[in-house]
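The values are calculated or read from the model by the stated rules, or taken from the named source; none is laboratory data. Note that the coordinates shown come from a computational prediction; the quantities given were computed from them, not determined experimentally. Please note: Cβ atoms are built from the backbone with ideal geometry, for glycine as well, and neighbour counts cover all protein chains shown. For the accessible areas, the whole protein counts, side chains as well, though only heavy atoms, and no ligand, DNA or RNA atoms are used. Shrake-Rupley method; radii C 1.70, N 1.55, O 1.52, S 1.80 Å.
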Amino acid sequence: MVRLVLKLAAVATFAICAAAAAAPVSSLKAEQGWVRWLPANLPAAGYVAIRNNGDKPVKLAGAESADYGMAMLHRSMQKNGSDSMEMVDAIAIPAHGGVALAPGGYHLMLMDAKHPIKPGDTVRISLHFDDGETLQLALPVRPANSSGD
Amino acid sequence: MALFRIRLFLLPALCFALLAACQHAPPPWQLNDVRGHLPDLQFDLTSDAGTPAAATDFRGKYVLMYFGYTHCPDVCPLTLVHLHLVMQKLGKDADKVRILFVSVDPARDTPPVLHQYVTAFDPRIVGLTGTPAQIAAMAKRYRSAFNIDAKQVNGDYTVSHGSIIYVFDRRGRARLIGNSTDTPDAIAHDLELLMRQD
């Protein structure tokens, strides 16, 4: 009986170790995300802070949403008294660093809602990184005049 | 003779002290003083109610004006949120203020769309649109450049536009300019100062 228990314990320990080795802890973390709702089916903006705890820099290379037809990475800029916005292909995140998608700078532009969306709802967003990782987010939708605090 | 010399010395010393005192008075504004440098508030456009709107409709109110468009999900909302916060900080004095959001994208920003957009931020914002020629003339009058960028594959397009927030007094005179990065505190401070000076 004791030998059986010992054998089972050994197998269990080996299995747990093997499982841990096969599934590395992600070095990327997303926090404080939210979506600014706008009326009249206008494009909405998504914001989130991303931390890279890994030893290598990564790039946020794309985004998609189960709730919108299109999700793009954009950057707002103010130059020479002009406000403008452009699409960006990727956003670099340094090793042991972070990037904030926040009002006035980088943001997700969310277009073509697949169903009516309103403040209080939750929007699903997948962030794709160039190291093959994906972060799944569930962001709260806030009113147009939210300060995001 | 010695007394005369002392008095002679005192006179320029006094003048110098007075001049130094004048130059030490700090400007009171946190935004930029443009008094006399920009034209008075003047326009004939269409409001978000679909009715004609003229600048004279706003005489007697302090006016905050910003050029933008509704398909801008980040900077325009950020600016309007700041102006909404200004109104909150002003408390009862907010009744003396109106916010004008002038669309640089009249093709998409019809009165109904504008109405839904501005009312989502603050009840005291009036959306203004017009013909492309009217909007171009308005932007030119206030030296605000805008550019409708090329259409993308899905038909969407961005519009770059001036980042200036214009502050007009109750007589429609341009007094101050700020921009979308100025804090609501700074804008509210200057509005209160304008109100006290009137």
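Would you grab the residues whose amide H sits under 5 Å from the one on B:LEU100? Only those 5+ places off in sequence or on another chain, please, with H modelled 1.01 Å from N.
It is B:LEU64, B:MET65, B:TYR66, B:VAL126, by chain and number.
How large is log10 of I(q)/I(0) for chain A at q = 0.12, 0.15, 0.21 Å⁻¹ when the intensity is taken from the Debye formula with one equal scatterer per alpha-carbon?
The computed values of log10 I(q)/I(0) come out as -0.58, -0.79, -1.31.
Can you work out the Karplus-derived ³J(HN,Hα) for every residue in region B:184-192? Use 6.51 cos²θ - 1.76 cosθ + 1.60 with θ = phi - 60°, whole Hz, and x for glycine or proline.
The phi angles translate into x, 4, 5, 5, 5, 4, 5, 5, 4 Hz.
Under a cut-off of 24 Å between alpha-carbon atoms, report the lysines in cross-link reach of B:LYS92, not counting same-chain residues fewer than 8 places apart.
By straight Cα distance, B:LYS92 reaches B:LYS61.
Roughly how many Å² of B:ASP93 are accessible to a 1.4 Å probe, to the nearest 10?
Near enough 40 Å² of accessible area.
Which percent, to the nearest 5, of DSSP beta bridges fully inside region B:43-124 are antiparallel?
30
Starting from the Cα of A:LYS56, draw a straight line to each of the lysines and keep only those under 23 Å, dropping any in the same chain fewer than 8 residues away.
Leaving aside lysines fewer than 8 places away in the same chain, those within reach of A:LYS56 are A:LYS29.
A plus B alone minus the pair: what accessible area, both sides summed, probe 1.4 Å, in Å² to 100?
On the way: alone 9350 and 10870 Å², together 18000 Å².
Roughly 2200 Å² of accessible surface disappears when A and B pair.
What is the distance, in nm, between label points placed 7 Å from the Cα along the Cα-to-Cβ direction at A:MET1 and at A:TRP34?
6.1
Taking square-rooted eigenvalues a ≥ b ≥ c of the alpha carbon gyration tensor, is region A:66-149 rounded, prolate or oblate, where a/c under 1.5 means rounded and, failing that, a/b exceeding b/c means prolate?
In terms of gyration-tensor shape, oblate.
Which whole number gives the average count of other chain Cβ atoms within 10 Å of the Cβ atoms across peptide A:40-50?
4
How many nm separate the modelled label positions at B:ALA136 and A:GLU133, each set 7 Å beyond the Cα in the direction of the Cβ?
5.0
By what distance, in whole Å, do the Cα atoms of region B:94-138 stretch along each of the three principal axes, largest value first?
32, 20, 10
Rank these residues by their accessible area, most exposed first, probe 1.4 Å: B:ILE148, B:ILE187. Spell out each step's value before the answer.
Numbers: B:ILE148 90, B:ILE187 5 Å².
The ordering from most to least exposed comes out as B:ILE148, B:ILE187.
Heads up, I need the accessible area for A:ASP130: 1.4 angstrom probe, whole protein in place, Å², nearest 10.
90
Could you compute how fast the protein assembly as shown diffuses translationally, taking Rh as the Kirkwood radius over C-alpha pairs and applying Stokes-Einstein at 37 °C with viscosity 0.692 mPa s? Give it in µm² per second. Walk me through the numbers on the way to the answer.
On the way: Rh = 23.5 Å.
It diffuses with D of about 140 µm²/s by this estimate.
Stokes-Einstein D for chain B at 4 °C, 1.567 mPa s, Kirkwood Rh over Cα pairs, in µm²/s?
Result for D is 70 µm²/s.
If you take the Cα atoms of region B:130-183, find Rg, then find the Kirkwood Rh from the mean of 1/r over all pairs, what is Rg/Rh? Working shown, then result.
Working: Rg = 14.3 Å, Rh = 13.2 Å.
Ratio of gyration radius to Kirkwood radius: 1.08.
In what order, largest first, do B:VAL97, B:VAL113 sit by accessible area if the probe radius is 1.4 Å? Intermediate results must be reported in sequence, preceding the final value.
Values: B:VAL97 0, B:VAL113 30 Å².
Final ranking, largest accessible area leading: B:VAL113, B:VAL97.
Check cross-link reach from A:LYS118 to the aspartates and glutamates: straight Cα distance under 20 Å, and skip same-chain residues fewer than eight apart.
A:GLU64, A:ASP67, A:ASP149, B:ASP74, B:ASP122
Any chance you could look up the accessible area of B:ARG59 with a 1.4 Å probe, heavy atoms only, rounded to 10 Å²?
Near enough 80 Å² of accessible area.
If you take the beta carbon distance between A:ALA61 and B:MET195 as r and set R0 to 45 Å, what does 1/(1 + (r/R0)^6) give as a FRET efficiency, to the nearest 0.05?
Efficiency, rounded to the nearest 0.05: 0.35.
Just the number, please: carbon plus sulfur as a percent of the accessible area of the protein assembly as shown, 1.4 Å probe, no ligands or DNA/RNA counted.
59
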